[in-house]
Amino acid sequence: MKLSREEVLHIAQLARLGLTETEVDRLSEQLSDILENFEVLQQVDTSDVPPTAQSIPLQNVTKGDEAAASLPQSQILANAPRRDGEFFRVKAVLE
Amino acid sequence: MNFETIIGLEVHAQLLTKSKMFCRCSADYASAPPNTHVCPVCLGMPGVLPTINQQAVEYTIMTALALSCTVPDYTKFDRKNYPYPDLMKGYQISQSDAPFGHRGWLTIETNGEKKRIGIANVHLEEDVAKLIHRISPDGESYSLVDVNRSGVPLMEIVGEPDLRSPEEARQYLMKLRSILRYLGVSTANMEEGSFRCDANISIRPENSSAPLAKVEVKNMNSFKAVYRALEYEAKRQRRIALEGKKLSQETRGWVEEKGITVAQRSKEYAHDYRYFPEPDLPPLVLNREWVKEIGSKLPELPEARRDRFVAEYNLPPYDANLLTSSKAMADYFEACLKTGVPHSLSSAKRAKMVSNWLSGEFSRLLNATNTEIDNSKVSPEQLCLLLDLVHKASISGTSAKLMFKEMFNSGKLADDIIAQQGLSQISDTGVIEREVMAAIRNNAQAVTDYKAGKRQSLKFLVGQVMRATRGRANPRLVNELLEEKLEEG
């Protein structure tokens with residue numbers, strides 16, 4: 001299965017990645033290779049195996065509803081690429 | 001050509017938990033400074049591990065059961081991917097194909113007829129950060145991000161497109177809000193944003209099975225806004241269809257100030273959420289016994305309480321409906337009856353008297369001052385003392401209303417106000433006689449009219465006496481004395 005140029009650009013857009021022309025070509029091949037590997041996996045007969053989303057046999061892991069201290073505001077904002085007073089500042093979002 | 005309106009509502013309600021959905025930050029962020037209820041989980045920092053809030057799960061199951069949904073044996077969370085700065089992680093933890101409840105209903109009543117509205121599903125997700133849009137002095141627009149709200153448990157209730165008018169939509173929303181408040185799972189306050197509603201609305205030509213384009217309406221921040229926006233949309237869609245134009249399937253925003261909906265700028269591409277099971281959260285297997293136990297502990301819901309009020313207190317269904325539509329009002333009503341005051345009344349008469357006051361003067365003042373009844377300064381005991389005074393005819397109806405207003409505004413006790421303002425009823429015939437004579441002296445024309453057979457004039461004269469005594473004279477005595485004096489004179 002070969003991924004088209006448009007499909008690669010669409011995936012890049014969803015991930016908010018800007019790609020150069022060379023990268024589009026390279027990723028088109030690499031992503032196609034990955035999908036081909038899954039096609040190999042798909043040959044295994046799984047009709048008797050129930051679907052799962054987990055690889056570890058855990059279920060019902062929950063916490064009680066108790067509040068604890070949050071981090072200080074200064075620490076929360078410390079990594080902000082752009083800060084404005086008590087807020088993170090980001091580019092305008094168009095609805 | 002005639003059209004039928006088809007409406008389906010999606011409601012988001014914040015759950016009343018102490019902590020957030022997947023971390024231990026406090027979920028009570030309303031008055032907190034920006035970005036102070038935040039931790040690495042809220043920020044989606046690499047390596048963090050979210051954990052499911054047990055209380056949020058329980059509240060969601062309670063709601064699902066109260067809405068007659070089927071609660072499955074197995075449920076899980078999924079990642080809903082979309083790039084937007086109100087999502088710190090680049091995805092929202094939500095549920096796609098295994099919600100906590102599905103295929104339920106609630107009952108609304110319009111024009112005295114009951115109608116069942118389907119609930120497609122009830123699922124649980126996390127709220128997103130708050131964005132504040134700004135424009136800098138040089139014209140650059142930007143947004144400020146406050147992450148406090150991000151991660152607060154958010155329950156979504158997806159209604160079936162069973163509603164046929166804006167009024168039915170309003171009834172549905174009020175019923176849903178009432179149920180959530182009875183359950184105590186949410187404050188369900190639209191103005192404060194803990195109860196939000198998006199609507200899907202389309203119209204269907206009378207002889208067709210297929211509705212025309214489905215329009216999603218957003219930005220409605222009150223019950224009134226929902227009603228007005230849907231009224232507007234139903235009209236707009238009919239107008240376009242009748243002009244022979246094609247309706248487009250789109251998202252429109254309600255603009256409150258102008259009273260219209262406008263098309264929202266469409267995203268560059270259609271939503272591509274790429275849901276997949278949340279790898280950080282193991283699935284939940286819902287133990288049947290536990291679900292049953294939650295179901296058995298559900299509080300009495302509005303309909304059951306209304307029916308009980310009719311049966312237990314002999315209230316007319318109309319009164320019972322009004323009282324039970326708000327849990328706080330129904331609680332207040334029952335607290336009043338518990339006092340047993342006025343004692344000399346039968347319990348049915350007492351119930352009706354309390355009901356009349358609650359839906360009359362009390363509701364009027366609550367609405368006028370935008371107060372919730374559980375925040376009112378008048379306690380049930382004080383209200384009943386006042387009703388006792390009215391019942392014993394110690395004060396007139398007019399005085400009682402004035403007194404209630406004073407109690408409502410100042411929180412003063414009924415007895416104190418009587419002592420201070422001398423509002424108690426005048427039954428002293430000497431005092432009343434003096435005022436009656438004055439009224440006869442000062443209103444010669446009315447007296448002549450009365451003697452000429454105009455009964456209306458008596459009422460006028462009674463009014464004069466009541467005015468002179470600031471409503472305190474016993475109306476029965478005033479009437480008697482006036483007739484007596486007029487006959488004599």
**OP:** Being open to solvent by 20 Å² or more (accessible area, probe 1.4 Å) and of a type in the set (Asp, Glu) is the filter; apply it to region B:116-145 and report the residue that is farthest from the other protein chains (Cβ to nearest Cβ).
**Re:** B:Asp138
Original post:
Quick one: which of A:Ala92, A:Ala69, A:Ala80, A:Ala53 is among the hydrophobic types (A, V, I, L, M, F, W, C), open to solvent by 90 Å² or more (accessible area, probe 1.4 Å) and within 11 Å of chain B (Cβ to nearest Cβ)?
Top reply: A:Ala69
Original post:
Looking at region B:254-263, is at least one residue crowded, with 17+ Cβ neighbours inside 10 Å, more than 28 Å from B:Ala56 (Cα to Cα) and not β-branched (Val, Ile, Thr)?
Top reply: yes
**OP:** Check B:Ser186, B:Ser178, B:Ser165 and return the single one that is in contact (Cβ under 8 Å) with a residue 40 or more places away in the chain, under 20 Å from the mean Cα position of the chain (by Cα) and surrounded by fewer than 18 Cβ atoms within 10 Å (Cβ to Cβ).
**Re:** B:Ser165
Original post:
Got at least one residue in region B:384-401 being modelled with pLDDT of 85 or more, touching a Cys at 6+ places or on another chain (Cβ under 6 Å), closer than 29 Å to B:Ser355 by Cβ and assigned to a helix (DSSP H, G or I)?
Top reply: yes
Original post:
Out of all the residues in region A:8-22, is one or more open to solvent by less than 90 Å² (accessible area, probe 1.4 Å), more than 18 Å from the chain's Cα centre (by Cα) and among the hydrophobic types (A, V, I, L, M, F, W, C)?
Top reply: no
**OP:** Looking for whichever is open to solvent by 20 Å² or more (accessible area, probe 1.4 Å), of a type outside the set (Phe, Trp, Tyr) and closer than 28 Å to B:Leu402 by Cβ here; the options are B:Glu312, B:Glu372, B:Glu293, B:Glu303. Which one fits?
**Re:** B:Glu372
Original post:
Of all residues in region B:443-489 being without any contact (Cβ under 8 Å) to a residue 12 or more places away in the chain and hydroxyl-bearing (Ser, Thr, Tyr), which is nearest to B:Lys392 (Cα to Cα)?
Top reply: B:Ser457
Original post:
Does A:Leu3 satisfy the criteria of being touching a residue at least 12 places away in the same chain (Cβ under 8 Å) and part of a helix (DSSP H, G or I)?
Top reply: no
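The values are calculated or read from the model by the stated rules, or taken from the named source; none is laboratory data. Computed from a prediction, not measured in an experiment: that's the story for all the values here. Neighbour counts run over all protein chains shown; Cβ positions are idealised from the backbone, glycine included. Each accessible area value is taken on the protein alone, full model and side chains, heavy atoms only, with ligands, DNA and RNA left out. Shrake-Rupley method; radii C 1.70, N 1.55, O 1.52, S 1.80 Å.
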